[in-house]
Amino acid sequence: MKWTLDWLLEYLKTDLSADEIADVLTKTGLEVDDVFAPVAPVAAKIVECAPVEGSDHLHVLKVDDGGTELRQVVCGAPNARVGLVSALARPGCVIAGHKIESGKLRGVVSNGMMCSERELGLSDNNDGIMELPADMAPGTPVLDVDTVFEAGITPNRPDYLAVRGIARDLMAVGVGEYVVPLASEISDVPSARRVVVETDKCPIYRFCEIHGIKMAPSDKKIARRLAAIGINPKNAPVDATNYICYDMGQPMHCFDADEIQGDIIVRMAKNGEEFTDLFGATHALRDTDIVIADNAGILALAGVIGGARGATTDKTENIILESAYFDPVCVRKTSKRIGVSTDASYRYERGIDPSISGVAIAAAARIIMGACGGKIVGTGTGGDGVQNASQIEYSPDLFKKKTGIDMPAMHQRQILEKLGFIVRESGKKWVVTPRAARVDVQIPETIVAELMRIYGYDKIPGAKPTNCTEPRPHDMHEISIKTQLAARGINESKSFGFGNSMIEAALFDRAPLKIANPITADLDTMRGDLLGNLLIAVANNEKRGYPDLSLFELGTVFTGFNPGDQKTALTIVRAGATGPKHWSGRAREYDIYDVKADLIALMHGGRFTVDASNPPRWAHPFRYGAIYQGKKKIAEFGELSPVVAKKLRIKTNVVVAIVDDIANLPGARRPKNKVLSDFQPITRDFAFITDVAAPAENMVAAALSADARITDVVVFDAFDMGDGKKSIAFTITVQPTANMSDDDLAALQNAVISRVESKCGAKIRDK
């Protein structure tokens, strides 16, 4: 959004400078990106004029623009001659929406452009370059330029897309007095045409038919303001619609009345119906698009762009002005689908003031008739009418509950009324009606936000934490995980919060969460996992000759579209070999036990079991395991499925570990302050016979849980006994806390045997 200082001051009486106004706007929610004064064209006297070799109309000019040296400019105007004083746009000037730069024409360097009156928006004369008085000093500015503001508008503040809205907001902050503009409407004039609105997506549509106009340039003030913000002035009717769009926030369109056949019809398009816009592009429409039509077909794509048929030209004598309200969702879908974004669609899709269509069309009609003459011969209105502004039940106590600031109710009321809101008391609560332009204010919390920004965020009393460097508890958990993985030689990866639907479908059984308007075709989902992006990194590294790597990512994944349908997950991938080639020996390839060890390190000694059943799509069916604590799955690990690896064109072996939610991982345990035992540890060996498919981890976990004095269990032997049985032997380490007799040790051994046999279905070997 751009506007000029003099434009703003038309609606605001203030003594503040442009920079001070920008600071106030930024503090209250409108971030001003830049405040600048455009480079103005200057008077320049032609000193030399010579034809360009090989051209029948171009000349090389040497002009005096007030500088120390003559400036060379290439010009094709027929009236270019020695001694003429004309308007020169030096590099940096913006003319007709284009920034002038140094360049070459027919191989000749040109350091500027000589301008016609039409190019400067001063008249419709384009027969040659502008002729200025002969005694005008070179370097004198030809046009008055004004300071220009440029700001980025957030989607929740459509009222900032009007100069009047910005002035109104500044008044509410207390930096000036709002100048209430003329707000009269056109009296109804009977018309032979009707407006037929056939859809509820257009609650109000107005037209005004003006006959007998003579196309002319706009008023100099309007032309200058439009040119300053980068809009090329064309003629009064077109400029009037552009001006009202920026001045009031009401998009408008101007039709050639002689090209419209019969009534004006507002309807939904038919599937497959074709429409040619005013730039000549043809679009296939859908039944979700709103169109403006007549008896002969489509005239415009409502809220987006006008059509080639019905467009005004320099020969137009009779016009029809349109001012309407169109459904924001429909306009946005149409604009995005056909890839056309205009000033009108930008405003409609954010929601315009639904109450100003009558005032806007009257203002545009006055501008046009003031410059071009003419007479209003008919007006018309259609639609069911706009809905009343929302009424919000609000309690003044809510402000303190949400902000911690005790603002008196009377002060709150004063701010809301300055913003144009209507406040009505209803018992202990208020009923607040925002002004029609504030379509973003719908719930009590938005009223709190309005009060807070006007009150001033800089006035919130500071509350300094006791220790600013102390991380929050959840940050502490994440930092601990990252630190441990980094210490194990794994590099952290960071990727976008989006995923690829094809890759996610290949890795998991769940349906991907598709995005309606993805930033790229390859990132079309809200990522449901971290594995997809990590595997893309593995594939890209392998292509570039770096197949050996270890990566982890800790980040947010999404399980649904609703708030709260997200969690923080962790994924580890190791690919290739554990180290580079070396004379001392060949490095082995990573296997599933490496990533299993990574997960166990994050368990901080917590007890667990492993289940190898039901591997997911991404995992090798026979090289997979899931870590459980009780019935709760903590993590899973495995080798990447060859099918998935082939789809992603990964030739290197890849092993994966996934923690679905890091909240399931235990935090780092702080060592207890206890005296080390005075007793030597005791070790005992056990051997059990069990089914060949039974995991050894289950026996280890069962043995650990048999007695609190058992500190470690290590498997040292395993072999197949045939007949579907195998032998597993392990050593337990016992740390006594007191003297242990033979009976005490025997009781502990029996506890281990009993626990392993009962939990794992194993039998102790007797020989």
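The values are calculated or read from the model by the stated rules, or taken from the named source; none is laboratory data. Small disclaimer: the values here were computed from a predicted structure and weren't measured. Ideal geometry is used to build each Cβ from the backbone, glycine not excepted, and the neighbour counts take in all protein chains shown. Surface areas here come from the heavy atoms of the whole protein model, side chains and all, with no ligands, DNA or RNA. Shrake-Rupley method; radii C 1.70, N 1.55, O 1.52, S 1.80 Å.
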Select from the range 66-87 the residues that are touching a Pro at 6+ places or on another chain (Cβ under 6 Å) and either among the aliphatic types (A, V, I, L, M) or open to solvent by less than 10 Å² (accessible area, probe 1.4 Å) (or both) and list them in ascending order. ALA87
Do you know which residues across the range 356-372 are open to solvent by 30 Å² or more (accessible area, probe 1.4 Å) and touching a strand residue (DSSP E or B) at 6+ places or on another chain (Cβ under 9 Å)? MET369
For the range 56-94, which positions are acidic (Asp, Glu) and modelled with pLDDT under 90? ASP56
Would you pick out the residues in the range 483-529 that are assigned to a loop (DSSP other than H, G, I, E, B) and among the aromatic types (Phe, Trp, Tyr)? PHE496, PHE508
Take the range 247-276 and flag every residue that is more than 30 Å from LEU5 (Cβ to Cβ) and either in contact with a His (Cβ under 6 Å, 6 or more places away or on another chain) or acidic (Asp, Glu) (or both). ASP256, ASP258, GLU259, ASP263, GLU273, GLU274, PHE275
Would the range 502-511 turn up any residue that is free of Cβ contacts under 8 Å to residues at least 60 places away in the same chain, of a type outside the set (Asp, Glu) and surrounded by 20 or more Cβ atoms within 10 Å (Cβ to Cβ)? no
Quick check on the range 567-579. Is at least one of its residues at pLDDT below 90, open to solvent by 30 Å² or more (accessible area, probe 1.4 Å), under 28 Å from LYS651 (Cα atoms) and within 42 Å of the chain's Cα centre (by Cα)? yes
Single residue of the range 334-355 satisfying the filter (over 22 Å from PRO203 (Cα atoms) and in contact (Cβ under 8 Å) with a residue 60 or more places away in the chain) that is surrounded by the most Cβ atoms within 10 Å (Cβ to Cβ): VAL340
What tally of residues in the range 474-494 results from selecting those that are open to solvent by less than 80 Å² (accessible area, probe 1.4 Å) and over 14 Å from ILE572 (Cβ atoms)? 4
Out of all the residues in the range 8-17, is one or more out of contact with any His (no Cβ under 6 Å at 6 or more places or on another chain), part of a helix (DSSP H, G or I) and modelled with pLDDT of 90 or more? yes
Search result, residues across the range 17-35 that are open to solvent by 60 Å² or more (accessible area, probe 1.4 Å) and either of a type in the set (D, E, K, R) or touching a residue at least 60 places away in the same chain (Cβ under 8 Å) (or both): ASP19, GLU20, ASP23, LYS27, GLU31, ASP33, ASP34
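Per-residue answers, yes or no, for (1) more than 19 Å from ASP247 (Cβ to Cβ); (2) without any contact (Cβ under 8 Å) to a residue 60 or more places away in the chain; (3) in contact with a strand residue (DSSP E or B) (Cβ under 9 Å, 6 or more places away or on another chain); (4) open to solvent by 50 Å² or more (accessible area, probe 1.4 Å):
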position	(1), (2), (3), (4)
GLU131	yes, yes, yes, yes
GLU150	no, no, yes, yes
ILE153	no, no, no, no
ARG157	no, no, no, no
For the range 712-763, which residues satisfy the criterion of being surrounded by fewer than 15 Cβ atoms within 10 Å (Cβ to Cβ), more than 28 Å from HIS604 (Cα to Cα) and either touching a Lys or Arg at 6+ places or on another chain (Cβ under 6 Å) or among the aliphatic types (A, V, I, L, M) (or both)? ASP720, MET721, ALA746, ALA747
Inside the range 382-423, the number of residues satisfying the requirement of being crowded, with 16+ Cβ neighbours inside 10 Å and closer than 30 Å to ARG267 by Cβ is 3
If we keep just the residues of the range 603-628 that are without any contact (Cβ under 8 Å) to a residue 40 or more places away in the chain and out of contact with any Pro (no Cβ under 9 Å at 6 or more places or on another chain), which is surrounded by the fewest Cβ atoms within 10 Å (Cβ to Cβ)? SER613
